[in-house]
């Protein structure tokens, strides 16, 4: 916030774009590392980011369409649970959503 405040004084509203770009770079580094842990995390996150909120079936359909492979239900369930444990997504009833708006913004723009 201090960085944004200083930039805002110097650049006005352009500071917001600069801070968002910096945030996306930071989030992307973290996501790139997380995505090395499972070949499906990226697709799961992209499905949820694209839809805003996604049901298990929507996520499975998206992952299968992107990979061209039929996956075991347990694989997607395990990866969803892991992403919840890591704090990237949360489950609300029968839907999943990305918790951090900057992570969602990065997923929509960078992946």
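A short reminder: the numbers here are calculations on the coordinates, not readings from a lab. Please read all numbers here as calculations on a predicted model, not as lab measurements. Glycine gets a Cβ as well: all are built from the backbone with ideal geometry, and neighbour counts include every protein chain shown.
Compared with the rule-of-thumb size 2.2 N^0.38 Å for a compact globular protein, the range 10-71 has a Cα radius of gyration ratio of 1.47. Seen against the Cα atoms of the chain and their longest principal axis, helix 73-86 is set at about 30 degrees. Reported to the nearest whole Å, the Cα centre-to-centre distance from the range 34-56 to the range 78-111 is 7.
Based only on Cα atoms, what mean projected area does the convex hull of the chain have, in nm²?
Working: hull surface 29.8 nm².
About 7.4 nm², averaged over all directions.
Sorting 76, 48, 98 by the number of Cβ atoms found within 10 Å of their own Cβ, with the fewest placed first, yields 76, 98, 48.
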